[in-house]
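Undergrad: Before we start, here is the structure in question, set down as structure tokens.
Quick note: the coordinates plus some simple rules give every number you see, no bench work behind them. Treat the numbers as computed from the prediction; the structure is a model and nothing was measured. All Cβ positions, even for glycine, are placed from backbone atoms using ideal geometry, and neighbour counts span all protein chains on display.
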Amino acid sequence: MSPRRTGPSRFRARTVVPAIGVPVAIALAILVPMQANASVDLPDKTPEELVAFAKAGDVDALSGTIEQRSELGLPDLGTLMGGGASDANDSEADAAASDTLGELVSLATGSFDANVYLDGDHARLQVLDRMAERNVYLSPGEAWFVDSETQTATRLGVADDADVEGLEAELDRLADEARAEAEAGLPDGEQLPTPQQLLDRALDRLDETTAVSVGTDGRVAGRDAYELVLEPRTDETLVGEIRVAIDGENGAALAASVTARGADAPAFETGFTDVSFAAPDPAVFAFEPSDAFAVEEEALPLPTVDELRQWIADAQARAESEADATADLPRPIVHGEGWATVVELDAATVAEMTAGHRAGGGDSADADGADSVAPATEPPFTEGEALDLLDALTVAVDGGRALQTSLLSVLFTDDGRVLAGSVPVDALVEVAESGR
């Protein structure tokens with residue numbers, strides 16, 4: 001892989017911005033290594049027994065603090081983020097775009113603390129920002145989203161005339177119907193697999209690409225915990241190992257980490273720093289907005305049973321009619337397998353995917369037959385900002401520009417392709433050149 005200068009980028013904001021956000025999505029999807037403790041000696045379990053133990057865990061009450069830490073290995077973006085608007089004529093839209101850019105970078109590289117509370121049907125998530133906090137309160141029949149910085153509180157509730165019991169009964173009926181249909185399609189004498197059988201099959205498939213083992217017992221948030229360790233069976237991936245801490249008493253997931261190959265510290269780690277499985281004080285679930293808060297009321301648009309049935313029928317008909325219409329659309333190309341998988345997309349396909357479905361479908365057109373309906377959402381960056389960010393995050397390589405974080409690489413080729421995978425950049429360059 002030899003660096004070189006490339007020509008003008010063919011990518012625009014709709015293509016660049018979502019691709020840059022890929023590492024952020026991975027960061028949010030990963031669940032902290034625990035501290036090994038020689039005094040902790042839990043009953044021995046095989047990997048299969050430990051996975052089954054965790055799967056059977058039934059925790060309906062807890063309270064605690066979660067921390068998330070990430071070290072993606074992204075370049076310093078201080079020059080992009082600092083300064084703010086210097087031109088008095090800069091628009092509010094430009095300021096909003098800069099704010100969004102800052103939030104994105106903070107999300108990708110920052111640390112987060114949050115308090116969580118759970119007791120049956122009541123739950124609360126309290127995200128602690130630097131000078132404020134955001135809260136989500138959930139209880140039967142309603143939910144609140146509260147932002148202390150903007151002093152806004154939005155109450156989400158179910159309409160008084162909503163037939164909740166009828167919808168629950170209809171969903172149960174549909175589930176029974178789907179099960180009966182699945183059983184009818186099985187060969188004579190066979191039954192649907194049990195949860196344990198499904199677990200065994202999943203572990204068998206996982207074992208083909210991943211070594212699964214039980215690590216050293218330790219402690220997380222003052223709790224004795226098992227450690228489940230997953231290690232790729234190939235050295236062609238950036239991922240070194242994944243470790244998950246599982247409560248030794250109730251099977252709850254307490255923490256997890258992902259470490260890059262050859263690294264000493266995790267690239268991502270998140271988990272409880274303290275936790276209790278006793279029911280929290282009911283007061284933590286109560287919220288009553290003060291006079292200082294602007295309150296909004298929003299009713300959730302639950303369908304009637306007849307509407308639900310019609311929606312399902314329409315969805316089935318639409319899926320059948322669209323199957324032929326989408327048959328010729330470009331599809332992602334998958335190279336390799338397992339941890340070394342590389343996904344390749346044409347730039348035009350990426351743009352189409354990120355633009356999303358336009359409001360009102362494809363039936364609205366102007367006099368020239370062109371689609372005249374604007375996308376539901378516009379990119380949060382201007383084209384120039386997106387390209388500046390791309391230049392700051394990537395380096396020139398043979399055939400394009402590339403971004404490599406601790407666990408993910410993305411290649412933007414000069415001929416309009418995007419390749420991504422948990423592999424080194426030179427592996428993406430090789431795939432782009434050879435098509436293998």
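Undergrad: What size of dipole, in debye to the nearest 20, comes out for the stretch 178-237 about its Cα centre when the only charges are +1 on Lys and Arg C-beta atoms and -1 on Asp and Glu C-beta atoms?
TA: The calculated dipole for the stretch 178-237 is roughly 300 debye.
Undergrad: Still on this structure, please answer the following. Using packing as a proxy for protection, rank 220-226, 301-307 so that the peptide with the highest average count of other Cβ atoms within 10 Å comes first.
TA: Those peptides, ordered most packed to least, come out 220-226, 301-307.
Undergrad: Assuming R0 = 56 Å, what is the FRET efficiency of ALA283 and LEU199, from their Cβ-Cβ distance, to the nearest 0.05?
TA: Efficiency at R0 = 56 Å is approximately 0.90.
Undergrad: With each pseudo-label sitting 7 Å past Cα toward Cβ, what's the LEU128-ALA211 distance in nm, one decimal?
TA: With each label placed 7 Å out from Cα toward Cβ, I get 3.9 nm.
Undergrad: Right, something else. Mean separation of Cα pairs under 8 Å and 6+ residues apart, divided by the residue count of the stretch 211-349: what relative contact order is that in percent?
TA: Worked out over the stretch 211-349, it gives 15 percent.
Undergrad: Can you give the local net charge around GLU269? Use residues other than it whose beta-carbon is closer than 14 angstrom to its beta-carbon, Lys and Arg +1, Asp and Glu -1.
TA: Charge balance near GLU269 sits at -4.
Undergrad: A follow-up question, please. Taking 0.36 nm per residue of separation and subtracting the Cα-Cα distance, what length does fully extending THR341 through SER434 add?
TA: Full extension from THR341 to SER434 adds 32.0 nm.
Undergrad: Continuing with this model, one more query. Calculated FRET efficiency, GLU168 and LEU138, Cβ-Cβ r, R0 22 Å, to nearest 0.05?
TA: FRET efficiency, GLU168 to LEU138: 0.80.
Undergrad: Between GLU149 and GLU297, how high is the FRET efficiency from 1/(1 + (r/R0)^6) when r is the Cβ-Cβ distance and R₀ = 30 Å? Nearest 0.05.
TA: It comes to 0.90.
Undergrad: Ranking TRP311, TRP144 by Cβ neighbours within 10 Å, fewest first, what do you get?
TA: Exposure proxy ranking, most exposed first: TRP311, TRP144.
Undergrad: If I model a spin label as a point 7 Å beyond the Cα along the Cα-Cβ vector, how far apart are those points for VAL158 and VAL334 in nm?
TA: 3.9 nm
Undergrad: With labels modelled as points extended 7 Å from the Cα through the Cβ direction, what inter-label distance (nm, one decimal) is found for SER276 paired with ARG233?
TA: Distance between the two pseudo-spin positions: 4.6 nm.
Undergrad: Moving to a separate point now. Please state, as a whole number in µm²/s, the translational diffusion coefficient that the Stokes-Einstein equation yields for the stretch 184-320 at 25 °C and 0.890 mPa s, with Rh defined as the Kirkwood radius across alpha carbon pairs.
TA: D, rounded to a whole number, is 118 µm²/s.
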